[in-house]
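Report on one structure; see the data block that follows.
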């Protein structure tokens, strides 16, 4: 009984003091998994290779949907993403995503600046996709995947284990449910409406801080927008305007809900794809929050930039199931 009482007291202290004021931001930072998983459709037997750099700046302190006048904290998450996909048939495809993460937190108080930085391989994601509809003007794809706990979740600073939001990995395996829809407009076939939904059902890290269990909140991401295509000299240009809705549930520690976690965001996401060779493309997009409502008080994204190169290697075609 005494042991159980002590564990509860420690849990409450960690939950309300260690992650109290200003929050962990573990919902609004971290690996950009939901916004990057899901490579485009390719020809049968093609291999796709993508390398990208993602920069997420968190400098906006929010209380609910109110912006607070406080610049004492900021977070930066840099992620190098390596993706590979194989189009097994015209309908079936598999892909893998592996991130390398660099996170930095800066706290400025009373003229002093405290910097905490971590880096390492993050959690790997595997996805299997199937084209339910694969017509000229309509494509509907669905997929299921797994985020595997390949990243470390026990990194330390001055011999003290860092909080979950500063770890490269989550220490848990997650289920991923993915879907995408594309529709070419009949009046202008080069214009395409696109939609993508990702739901991540998170697992539990049973060895958090060597004593507790920790679970990040389940995450839903929905994206919808329009893209067009035209040429500028020898370059094929695909500009796009997309809106993304992201909803993250609160985190739990030993089944206790943690304050200052979870939230909802709507992002405006302009982007462009430049193809100067037939099987190579340069991708860029930015994400700007236009509406935010966080749980408690948290640092929230200010702006995100992502740039990458996608290469497609073709080895013939084959009609499949």
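Being buried (at least 17 other Cβ atoms within 10 Å of the Cβ), in contact with a strand residue (DSSP E or B) (Cβ under 6 Å, 6 or more places away or on another chain) and assigned to a loop (DSSP other than H, G, I, E, B) is a description that does not apply to residue 182. Within region 270-296, the set of residues being farther than 17 Å from residue 51 by Cα and surrounded by 19 or more Cβ atoms within 10 Å (Cβ to Cβ) comprises 287, 289, 292, 294, 295, 296. Could you go through region 33-49 and let me know if any residue there is loosely packed, with under 15 Cβ neighbours inside 10 Å and in contact with a strand residue (DSSP E or B) (Cβ under 6 Å, 6 or more places away or on another chain). Yes, there is a match, as at least one residue in region 33-49 is loosely packed, with under 15 Cβ neighbours inside 10 Å and in contact with a strand residue (DSSP E or B) (Cβ under 6 Å, 6 or more places away or on another chain). Take residue 300 and decide whether it is more than 27 Å from residue 44 (Cα to Cα), within 16 Å of the chain's Cα centre (by Cα), crowded, with 18+ Cβ neighbours inside 10 Å and touching a residue at least 12 places away in the same chain (Cβ under 8 Å). So residue 300 passes the test.
Within region 121-169, restricting attention to residues that are in contact (Cβ under 8 Å) with a residue 60 or more places away in the chain, under 16 Å from the mean Cα position of the chain (by Cα) and assigned to a strand (DSSP E or B), the residue that is nearest to residue 182 (Cα to Cα) is 127.
Remark: pairs (first residue in region 62-76, over 14 Å from residue 264 (Cα atoms); second residue assigned to a loop (DSSP other than H, G, I, E, B); Cβ separation under 7 Å; 6+ apart in sequence or on different chains) = 73/22; 75/25; 75/29.
Only one of the numbered conditions (1) assigned to a strand (DSSP E or B); (2) over 23 Å from residue 149 (Cα atoms) is violated by residue 42, and that is (1).
Only a single item in (1) within 30 Å of residue 230 (Cβ to Cβ); (2) surrounded by fewer than 21 Cβ atoms within 10 Å (Cβ to Cβ) is not met by residue 196, and it is number (2).
For residue 174, the criteria (1) farther than 21 Å from residue 132 by Cα; (2) at pLDDT 95 or above; (3) surrounded by fewer than 17 Cβ atoms within 10 Å (Cβ to Cβ) hold in every case but one, which is (3).
It is to be established whether one or more residues within region 65-78 are over 30 Å from residue 298 (Cα atoms), in contact with a strand residue (DSSP E or B) (Cβ under 7 Å, 6 or more places away or on another chain) and either modelled with pLDDT of 95 or more or part of a strand (DSSP E or B) (or both). For region 65-78, residues over 30 Å from residue 298 (Cα atoms), in contact with a strand residue (DSSP E or B) (Cβ under 7 Å, 6 or more places away or on another chain) and either modelled with pLDDT of 95 or more or part of a strand (DSSP E or B) (or both): absent. I need the full set of residues from region 103-119 which are within 10 Å of residue 76 (Cα to Cα) and surrounded by 15 or more Cβ atoms within 10 Å (Cβ to Cβ), in order please. Across region 103-119, the qualifying residues are 103, 104, 105, 106. The single condition among (1) over 30 Å from residue 271 (Cβ atoms); (2) in contact with a helix residue (DSSP H, G or I) (Cβ under 9 Å, 6 or more places away or on another chain); (3) modelled with pLDDT under 95 that residue 210 does not satisfy is (2). The conditions of being in contact (Cβ under 8 Å) with a residue 24 or more places away in the chain, on the phi > 0 side of the Ramachandran plot and in contact with a helix residue (DSSP H, G or I) (Cβ under 6 Å, 6 or more places away or on another chain) are not met by residue 260.
To keep it simple, each residue is scored yes or no on (1) at pLDDT 95 or above; (2) part of a strand (DSSP E or B); (3) on the phi < 0 side of the Ramachandran plot; (4) touching a strand residue (DSSP E or B) at 6+ places or on another chain (Cβ under 9 Å).
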| site | (1), (2), (3), (4) |
| --- | --- |
| 214 | yes, yes, yes, yes |
| 223 | yes, yes, yes, yes |
| 231 | no, yes, yes, yes |
| 236 | no, yes, yes, yes |
| 240 | yes, yes, yes, yes |
| 244 | yes, yes, yes, yes |
| 247 | yes, yes, yes, yes |
| 250 | yes, no, yes, yes |
| 264 | yes, yes, yes, yes |
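The values are calculated or read from the model by the stated rules, or taken from the named source; none is laboratory data. Bear in mind that the values here come from a model prediction, so they are computed numbers and not experimental data. Neighbour counts run over all protein chains shown; Cβ positions are idealised from the backbone, glycine included.
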